[in-house]
Structures are given as structure tokens and as C-alpha cells.
Protein chains: 2
Amino acid sequence: MSILVVGSVAYDTVETPFGKAERVLGGSASFFSVAASFFAPVNLVAVVGDDFGDEQLLAFRGRPIDLRGLERTAGATFHWQGRYSWDLNSRETIRTDLNVFEFFKPRIPESYRSSDVVFLGNIDPVLQREVLAQVEKPRLVACDTMNFWIDGSRDELRETLRQVHVLLVNDAEARELSGEWNLVKAARAIRSLGPRTLVVKKGEHGVVMFGDDGSFAAPAYPLEEVFDPTGAGDTFAGGFVGYLASAREQGDAVLRRAVVMGSTLASFCVEAFGLDRLLTLSRADIDRRYRRFQQLTHFESV
Amino acid sequence: MSILVVGSVAYDTVETPFGKAERVLGGSASFFSVAASFFAPVNLVAVVGDDFGDEQLLAFRGRPIDLRGLERTAGATFHWQGRYSWDLNSRETIRTDLNVFEFFKPRIPESYRSSDVVFLGNIDPVLQREVLAQVEKPRLVACDTMNFWIDGSRDELRETLRQVHVLLVNDAEARELSGEWNLVKAARAIRSLGPRTLVVKKGEHGVVMFGDDGSFAAPAYPLEEVFDPTGAGDTFAGGFVGYLASAREQGDAVLRRAVVMGSTLASFCVEAFGLDRLLTLSRADIDRRYRRFQQLTHFESV
């Protein structure tokens with residue numbers, strides 16, 4: 001089943017305690033697409049400037065990532081620059097140059113409109129709805145958002161959420177969206193807005209999913225070296241949605257495996273700068289680490 | 001198998017956003033003993049003042065908790081007073097009156113000396129070693145500590161750790177003890193000091209255990225109402241050590257089940273003030289929630 005993703009393709013300049021990467025390929029749709037492409041064909045919709053060349057596209061080549069929806073327009077590509085704290089647990093945005101992304105109006109190519117699964121990256125909820133209006137009936141709509149929209153476009157976001165099956169947010173966003181500190185209460189409030197499944201990403205503390213069949217919790221994979229957390233959440237979403245798109249059945253058991261698959265991909269993402277680790281990854285690497293997640297979490301009945 | 005526990009029995013005055021409890025029974029050894037007593041006989045060693053009466057002892061009565069090691073001496077019982085933040089994620093100590101606990105010299109009754117399992121609560125590491133000197137060869141020595149000893153008695157603590165099989169600490173303590181921020185590195189450093197197994201408690205984010213057979217991660221049980229976190233760590237330890245003492249085999253699989261049993265007991269502890277919830281708990285309640293932990297964490301192979 002094919003996946004339509006709408007989001008950002010950007011240049012990232014990232015400083016971590018371990019080094020600096022200048023203007024490397026980033027953006028939510030980039031991380032998502034590479035991660036999801038291990039499982040299903042991806043139809044990418046994003047915008048870049050005329051400073052974005054074939055070299056950057058190499059990351060997507062040789063993968064089932066359709067680039068007909070990657071619009072190139074006059075101007076500079078979205079550039080984000082940030083710096084992580086010594087413990088990687090907080091980051092400071094040094095600059096955000098939206099550039100051509102500021103006027104992004106997602107246009108869905110004709111050939112994408114029958115995509116089975118849609119992932120609405122973290123863009124204006126009005127644009128997210130415009131994307132949904134351009135596609136035929138997708139089997140699954142998953143969605144990301146952020147504090148900027150929760151604060152500034154609450155009503156529009158609520159309207160979008162009515163059309164969403166799975167919402168993926170971090171714990172701070174879940175709390176802000178619901179007005180509830182307790183995540184169980186937050187989940188109930190958010191699920192009443194539309195999404196039947198809520199996936200709450202907690203970074204190094206793992207993921208909790210709330211759905212019709214109860215809740216599921218998975219730890220993050222304990223890593224000895226975390227190099228660059230940039231893109232981990234988008235990579236999680238790519239692994240999660242990608243796995244769902246590849247699965248023959250639906251339901252709680254598939255969603256649980258998808259959470260672990262998302263966590264697996266995210267655990268690789270943070271091992272190197274930007275997309276570097278994802279680009280050298282094999283399906284065998286992924287399956288091996290998925291099995292390690294099973295070893296990490298398995299316990300028997302008493 | 002019987003468990004010897006040495007720690008504090010105290011009065012706690014606790015304020016949470018949901019109310020206040022004045023001078024209720026608390027202390028690490030109290031929470032530990034009640035939790036552990038669901039699984040194995042407990043031999044309690046602690047000290048209280050002459051303000052500690054039969055009413056307080058009721059919590060221990062009717063359970064397999066031997067009180068011959070509960071010394072009563074002239075003076076006032078240890079009293080701790082604290083206040084939790086609105087989100088229960090931080091707490092402020094308003095007063096700590098050590099009282100008779102300041103001069104606590106654990107004396108192990110003759111009848112306790114053959115205890116199979118020893119839990120060294122969070123006391124001066126010199127006293128922890130004096131306890132070990134008074135017991136015969138226990139099958140298992142588990143130990144708690146805190147920043148006060150890690151900072152102030154580092155060498156003494158290291159000496160104690162050489163005799164410890166399982167160390168239970170929270171994530172901040174693991175980082176401080178090892179000087180490593182990354183928990184995988186912290187675990188390696190701490191395990192090189194003596195304990196073959198390190199259990200890192202992360203509160204609402206669950207538990208990670210590091211041992212000879214790799215690592216194990218368990219989430220905290222998602223609760224809709226967290227009322228009072230006081231004693232959750234000691235209750236975890238009681239469930240964990242209690243389960244280990246009750247198990248016929250040893251090894252990684254048993255340690256994993258013990259982590260989940262500790263998490264199960266801790267999830268009940270926080271549902272009411274002080275020991276209140278633990279005192280109304282049945283073994284059937286415990287086993288039911290253990291099974292819910294299995295549902296919460298189970299996922300299949302891909």
C-alpha cells in the first residue's frame with residue numbers, strides 16, 4: 001500500500017556536543033520518507049528552493065520514494081539551525097529560515113491521489129485539510145502537529161483532527177492539546193476529538209499508545225551513544241506508518257508492532273548526524289534490532 | 001525464603017495537590033516490608049521513638065512481618081514532611097526531623113541472622129556493612145542508596161557495593177554514582193563496582209535493569225489518578241525483592257518478573273496516601289495487575 005506524506009524538506013545545521021553538521025538534508029518529510037520506504041512506496045509532497053540540487057536528492061534515489069510531488073520553486077530552501085545541550089535533552093533553535101516553505105501550498109499530483117495511507121506532517125492544519133480534500137478515500141490518515149498550531153490554530157487543528165485516525169505527538173504536545181497533565185486523561189480527551197489512536201512519543205522514555213483496545217507501552221532502545229536526536233520523531237512516524245501500510249491485517253496487534261518498528265527506526269536515526277545512519281541501514285539491521293526490542297521487553301507470567 | 005530489611009520507620013506528613021496526610025506511617029522499611037510481605041516472610045530492623053504506639057504497628061500485624069528487630073527507644077520517631085508540586089513530578093522537603101533515627105545502630109536479632117535475602121535500605125553505607133557483618137551467608141544482597149551518601153560517603157559506599165548483588169537506584173542517582181549521563185555507560189561503571197544487577201527506577205517512565213544477560217525495560221503502569229508518590233520506590237523494592245525471595249529458581253527470567261512485580265506494587269502504592277492502598281490490597285489484585293502489565297507491553301514478532 002502506498003503512503004502519501006506531506007511535510008518539510010529542509011537543510012539542517014545541527015550542533016551537538018559531538019560535532020557540527022552544516023546544511024545537511026533534513027525536514028520532517030525527509031526523515032519520514034526514508035524510514036517509511038523500507039516498508040512501502042512513498043509519495044512525497046514538499047517544496048524546496050532552487051538551491052536544492054541533485055546531490056540532495058541522492059538520499060531519496062534508489063528507494064521507492066516518488067518525487068513527482070517535490071516542488072522546486074524560486075528562492076531558498078527551508079533552513080533550520082539548532083544546538084543541543086550537553087545531555088541532548090534540550091535544544092535551542094538558533095535560526096529558522098522558512099524561505100520557500102513559508103508559502104507552501106501542497107499540490108497533490110494526480111498519480112498520488114489514490115494513496116492508501118496519508119501522513120500529514122507538521123504543517124498548518126488548514127493545509128493538512130486541503131491535502132485530505134485532494135485525495136481519494138485513504139484507508140488510514142495519520143497526523144503530526146506541534147505547539148505552534150496547538151496554541152495558535154486550535155480550532156483549525158480540531159477540525160482537522162476529526163478526519164484523522166492516528167495522531168502522533170510528544171508528551172508535552174498531548175498535554176497542551178488536551179489541557180490535562182495526566183496522560184491517560186489527556187488521551188481520553190484527545191481521542192474524543194477524532195483520532196481513535198493516539199501515539200505519545202516520550203523520547204528516551206519510549207512511547208505510549210492509547211486506542212480502542214487499551215494501551216500499549218514500549219521503551220526506547222537503550223543506546224550507549226546518542227549522537228544527534230534530530231529527526232527521531234519523524235523517523236518514528238515513518239517506521240510506524242510504513243509498517244502499518246505494509247501490513248495485511250489491521251487492528252491492535254498490528255499497531256503495537258508498528259510502534260516497535262517506529263522505535264526501532266528512531267533508535268538508528270539518533271546514532272549519527274541527520275539521515276546518515278538511516279541511509280546505510282538494511283532491512284536485516286532493522287529486523288535484528290526489532291528482535292532486540294523483544295528481548296528487551298519480554299517477561300513471563302507468574 | 002525470609003527477607004531481612006534494614007531501613008527507616010517514620011512518620012510522614014505529606015501534602016499533594018489532592019490533600020494532606022498528617023503524621024501517617026511511612027519510612028523506607030515500612031513500605032518495603034508491607035510490599036514484600038505478600039511474597040515472603042520479612043524480618044524488620046528499624047528504630048522508632050516512644051511516640052510510636054500499637055496503633056502504628058497495626059499496619060504490620062496480620063502479615064508475615066517479624067517485629068523483633070523494631071527497636072523502641074526514648075525520644076521521637078523520625079518525621080519527614082514534604083510537599084509535591086501540582087504535577088507530582090517534584091517535591092520539596094519542608095522538614096526532616098531524624099530524631100531517634102540519627103543514632104540508629106542496626107542490631108540484628110539472633111533469629112534474623114540466617115535470613116536468605118537481605119535488603120539494605122537507604123542508610124549510611126558504613127551501617128549497611130555492619131548489617132552484613134551480622135548476618136550469615138545470605139543468598140542475595142540488594143541495596144538502596146541516595147545522593148546524600150553518593151556525595152558524602154563515596155568511598156564507604158563503594159566498599160559496601162562490593163558486597164551487593166543488586167543495586168536499586170533512580171536515574172539521577174545512577175548518573176551521580178557513575179559520573180556518566182548515558183544510562184548504558186552508567187550501568188557498566190556501576191556494575192564494575194560490584195553489583196551484578198543494576199535496577200534503575202525512572203518513576204513514571206518505568207524501570208530499566210542491566211545484568212549479565214543484557215538489559216530489560218518495563219514501563220510504569222499508566223494510571224489515571226496518581227495521588228501520592230511517597231514510598232513508590234521502596235514499594236517497588238519490596239515487590240522486587242519479595243518476588244525474588246519467593247522464586248524457586250534464579251536468573252534473568254526471574255529478575256525480569258521481579259521488576260514487573262515491583263512495578264505492580266508501586267502502581268498501587270501511589271493510588272492513595274502513604275500505605276493506605278497497600279494495606280487493602282489482595283494477592284488477587286496484584287496478580288490481576290501483573291497480567292495487565294503483560295497486556296500493556298506485549299507485541300508479536302514481525
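In region B:29-40, the residues that are touching a residue at least 12 places away in the same chain (Cβ under 8 Å) reach residues that are polar (S, T, N, Q) with C-beta atoms within less than 6 angstrom, at least six apart or across chains, in these pairs: B:Ala29/B:Ser8; B:Phe31/B:Thr235; B:Ala35/B:Thr235; B:Phe39/B:Ser246; B:Ala40/B:Ser246. Here B:Arg107 does not qualify as in a helix (DSSP H, G or I), within 30 Å of B:Ala40 (Cβ to Cβ) and either more than 14 Å from chain A (Cβ to nearest Cβ) or open to solvent by 70 Å² or more (accessible area, probe 1.4 Å) (or both). Counting only helices (runs of 4 or more DSSP H) that sit wholly inside region A:217-299, those with at least 1 residues that are of a type outside the set (Asp, Glu) and within 17 Å of A:Gly27 (Cα to Cα) are A:232-246, A:252-269, A:276-279. Residues that are within 21 Å of A:Arg83 (Cα to Cα) number at least 1 in the following strands (runs of 3 or more DSSP E) confined to region A:1-70: A:10-16, A:19-26. What do you reckon, is B:Glu130 touching a Lys or Arg at 6+ places or on another chain (Cβ under 8 Å) and either assigned to a strand (DSSP E or B) or among the basic types (Lys, Arg) (or both)? Considered against the rule, which asks whether it is touching a Lys or Arg at 6+ places or on another chain (Cβ under 8 Å) and either assigned to a strand (DSSP E or B) or among the basic types (Lys, Arg) (or both), B:Glu130 comes out as no. Exactly one residue among A:Ala284, A:Ala253 is among the hydrophobic types (A, V, I, L, M, F, W, C), over 21 Å from A:Ala21 (Cα atoms) and more than 9 Å from every other protein chain (Cβ to nearest Cβ), and that residue is A:Ala284.
With respect to (1) of a type in the set (S, T, N, Q); (2) more than 14 Å from chain A (Cβ to nearest Cβ); (3) open to solvent by 10 Å² or more (accessible area, probe 1.4 Å), the lone exception for B:Thr160 is condition (3). Determine whether A:Thr16 is modelled with pLDDT under 95 and polar (S, T, N, Q). So A:Thr16 passes the test.
Residues considered: A:Val200, A:Val207. Of these, the only one that is within 23 Å of A:Arg162 (Cβ to Cβ), within 12 Å of chain B (Cβ to nearest Cβ), under 16 Å from the mean Cα position of the chain (by Cα) and touching a residue at least 12 places away in the same chain (Cβ under 8 Å) is A:Val200. How about region B:129-154: which of its residues are open to solvent by less than 20 Å² (accessible area, probe 1.4 Å) and charged (D, E, K, R)? Within region B:129-154, just B:Asp144 meets the criteria. Of all residues in region A:28-42, those that are open to solvent by 10 Å² or more (accessible area, probe 1.4 Å) and touching a strand residue (DSSP E or B) at 6+ places or on another chain (Cβ under 8 Å) total 3. Against the numbered list (1) within 13 Å of chain A (Cβ to nearest Cβ); (2) part of a loop (DSSP other than H, G, I, E, B); (3) buried (at least 22 other Cβ atoms within 10 Å of the Cβ), B:Trp181 comes up short only at (3).
Against the numbered list (1) within 25 Å of B:Cys269 (Cβ to Cβ); (2) not in a strand (DSSP E or B), B:Val199 comes up short only at (2). Taking residues in region A:154-175 that are without any contact (Cβ under 8 Å) to a residue 12 or more places away in the chain and assigned to a strand (DSSP E or B), and partners anywhere that are among the charged types (D, E, K, R) and open to solvent by 40 Å² or more (accessible area, probe 1.4 Å), not one pair has Cβ atoms closer than 8 Å while being at least 6 places apart or on different chains.
The values are calculated or read from the model by the stated rules, or taken from the named source; none is laboratory data. If you're wondering where the values come from, they're calculated on a predicted model, not measured in any experiment. Glycine also receives a Cβ, built like all others from the backbone with ideal geometry; neighbour counts cover every protein chain displayed. Accessible surface areas use protein heavy atoms only, side chains included; no ligands, DNA or RNA. Shrake-Rupley method; radii C 1.70, N 1.55, O 1.52, S 1.80 Å.
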